[in-house]
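The structure under discussion appears below in the form of structure tokens.
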Amino acid sequence: RVLYDRKKVWSRLRSLALSGPLAPQFTELGPAEARRRLTLQRMGCSRLRLLPKETGVRAIASLSRRERVDFEEEDTGCPEESGVAPRPRALVRRYPSAEARFLSTNAILRRAFDVLGYEQRRSPDSFGVGVLGFNEVFPKLCKFLKDLKQCRKISRQGTRGGAKSAAPPKLYFVSADIQHCYDNIDQTYLYGLVENLFSENDYLIQKATVLHPFDSMGKIQGEATRTVGPPEDFANFPVFADGTLSQKYSQSVFVDSAHCSVAKKEELLFLLKEHIFSHVVVAKGRSGPKFLAQSSGIPQGSVLSTMLCNYYYGDLEGELLDGVFLRNTVSCPTPFNRSSSHAYLLTRIVDDFLLVTTDRDASIRFLGKMNTGIPKLGVAINKAKTRTSFDDDTVGKQAQKPLQCDSRGKQFFAWCGMLFDISSCEVRIDYSRFSGGLAEDALTVVTCGSEGSHLLARMKSFIRPRCQPILYDAVVNQHVVVAHNASQAMLLCAIKTVRYIE
């Protein structure tokens with residue numbers, strides 16, 4: 001097992017990555033150009049982290065912390081008139097005000113994040129079929145299962161004499177992954193899209209602190225909350241707490257932060273334009289810092305990355321998936337017109353599409369459209385990650401991946417860490433991704449006191465991510481599957497707990 005690389009080896013790998021796979025994404029800046037940009041910009045530079053993968057490296061910008069840069073000249077042994085450009089002596093950035101010095105890029109973009117979230121809640125269709133996690137997949141799956149029951153009822157009624165022994169409609173699963181979804185985003189198209197998102201010229205942001213009992217952890221949990229709306233919707237704190245906050249939180253104490261701010265549309269657009277077009281990163285190395293400007297895509301690690309990605313691909317879905325579903329004379333509230341004789345579940349978590357349908361032809365059309373993509377806007381799928389639950393001559397060999405089976409012979413389709421039963425659409429967690437690893441590799445043991453309390457907290461943290469409604473709801477899963485999901489979560493917790501104690 002490789003747990004770390006030697007410094008010389010990693011330095012070489014980093015240099016190869018910056019000059020090879022990452023070269024089209026970044027443009028190197030000289031010290032003078034880097035100084036000019038950072039002097040004019042509201043946001044400074046961020047540290048570039050390279051995370052190793054099996055097939056290469058992933059570039060992540062650390063935007064949650066400020067990278068401080070100082071371009072003071074150091075003694076190079078050459079007179080000033082020699083024309084030798086001074087090298088950055090240390091990463092210590094000087095700001096005109098002491099307040100801005102300690103703000104990270106994500107902190108500066110926080111208000112933009114709040115406002116874009118407000119606009120998305122007002123217009124949920126702006127994400128297309130995109131969701132932010134399985135908590136949002138769950139209601140879609142419940143609706144799909146309801147439609148599936150209706151389709152099976154229609155199928156039984158359509159047989160001769162209404163024979164109930166007719167085979168239920170088969171489910172067809174297709175998943176597709178957009179290749180380099182962050183890196184290939186067209187910056188100009190994205191900014192043009194962002195310009196049209198704002199419905200107000202001014203936005204009022206009210207802050208408050210919510211204190212509520214966290215019984216499972218035996219403590220009081222504090223949470224800072226921000227509420228965005230037009231300035232004319234402003235209300236004093238008692239009215240604000242009794243109305244807006246009480247609808248979101250129960251059994252809680254609300255504390256007035258005594259802080260309201262107004263975000264102007266022009267200011268937000270200025271920040272977003274700078275973030276999209278003028279993002280500067282610094283890569284440290286043995287030969288000193290190297291300044292790079294991101295010339296394509298958007299930075300991973302930004303508080304806005306997932307939201308901008310969802311807006312971008314949500315806007316392109318109409319063109320990308322045009323003609324996939326059969327058109328119906330009855331208008332449909334979804335982005336696509338769908339045939340009433342079939343059930344469809346189409347969703348996307350950032351760049352991972354999933355289609356579940358009873359219409360085999362629609363699944364083949366979907367796969368064909370995804371293979372075509374939209375090259376001019378950087379939309380292309382990673383064919384090596386394309387999966388289907390069926391075999392067909394029209395489906396490329398790259399999409400025919402084996403399904404997972406349990407001890408009873410049931411077949412499952414894997415997507416985003418979950419397993420879907422291809423016959424009933426019941427959901428389990430895919431624990432095969434832990435195969436080949438050791439439990440202790442992901443554990444941090446606290447030995448500085450109160451070890452018992454820390455152990456209890458860790459055990460609960462092992463279980464909590466696996467307590468999602470989609471795994472335990474009776475609409476989705478039968479009781480035996482619910483019990484299986486619970487036992488598997490407990491078993492993993494037991495394995496990690498034993499390794500933690502040892």
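Odds and ends about this structure:
- Selection count where residues are crowded, with 18+ Cβ neighbours inside 10 Å and polar (S, T, N, Q), scope the stretch 169-183: 1
- Some residue of the stretch 265-276 being free of Cβ contacts under 8 Å to residues at least 24 places away in the same chain and either in a loop (DSSP other than H, G, I, E, B) or in contact with a helix residue (DSSP H, G or I) (Cβ under 9 Å, 6 or more places away or on another chain) (or both): yes
- Among the residues making up the stretch 1-54, a single one is closer than 22 Å to Ala293 by Cβ, part of a loop (DSSP other than H, G, I, E, B) and of a type in the set (D, E, K, R): Arg42.
- A count restricted to the stretch 460-485 and to residues that are over 19 Å from Cys142 (Cβ atoms) and within 26 Å of the chain's Cα centre (by Cα) stands at 7.
- Residues that are touching a strand residue (DSSP E or B) at 6+ places or on another chain (Cβ under 9 Å) and not aliphatic (A, V, I, L, M) do not occur anywhere in the stretch 439-461.
- Meets criteria (touching a His at 6+ places or on another chain (Cβ under 7 Å) and over 17 Å from Gly417 (Cβ atoms)) for Val446: yes
- The residue that is surrounded by the fewest Cβ atoms within 10 Å (Cβ to Cβ), among those in the stretch 30-54 that are of a type in the set (A, V, I, L, M) and under 22 Å from Asp183 (Cβ atoms), is Leu51.
Results for (1) of a type in the set (Ser, Thr, Tyr); (2) touching a helix residue (DSSP H, G or I) at 6+ places or on another chain (Cβ under 7 Å); (3) loosely packed, with under 14 Cβ neighbours inside 10 Å; (4) farther than 20 Å from His275 by Cα, shown as yes or no for each residue.
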| position | (1), (2), (3), (4) |
| --- | --- |
| Ser15 | yes, no, no, yes |
| Leu18 | no, no, no, yes |
| Ala23 | no, no, yes, no |
| Glu28 | no, no, no, no |
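- Considering the stretch 453-480, the residues that are of a type in the set (Gly, Ala, Ser) and in a helix (DSSP H, G or I) include one that is farthest from Thr497 (Cα to Cα), namely Ser453.
- Residue count for the stretch 362-410, restricted to those that are at pLDDT below 90, surrounded by fewer than 21 Cβ atoms within 10 Å (Cβ to Cβ) and not in a loop (DSSP other than H, G, I, E, B): 7.
- Annotation note: Cβ proximity below 6 Å between a residue of the stretch 217-235 that is basic (Lys, Arg) and a residue that is not in a helix (DSSP H, G or I) (sequence gap 6+ or interchain) occurs for Arg226/Ile205; Arg226/Lys207.
The values are calculated or read from the model by the stated rules, or taken from the named source; none is laboratory data. It should be emphasised that the depicted structure is a prediction, and the values quoted were computed from it without experimental measurement. As a convention, Cβ positions derive from the backbone with ideal geometry for all residues, glycine included, and neighbour counts pool all protein chains shown.
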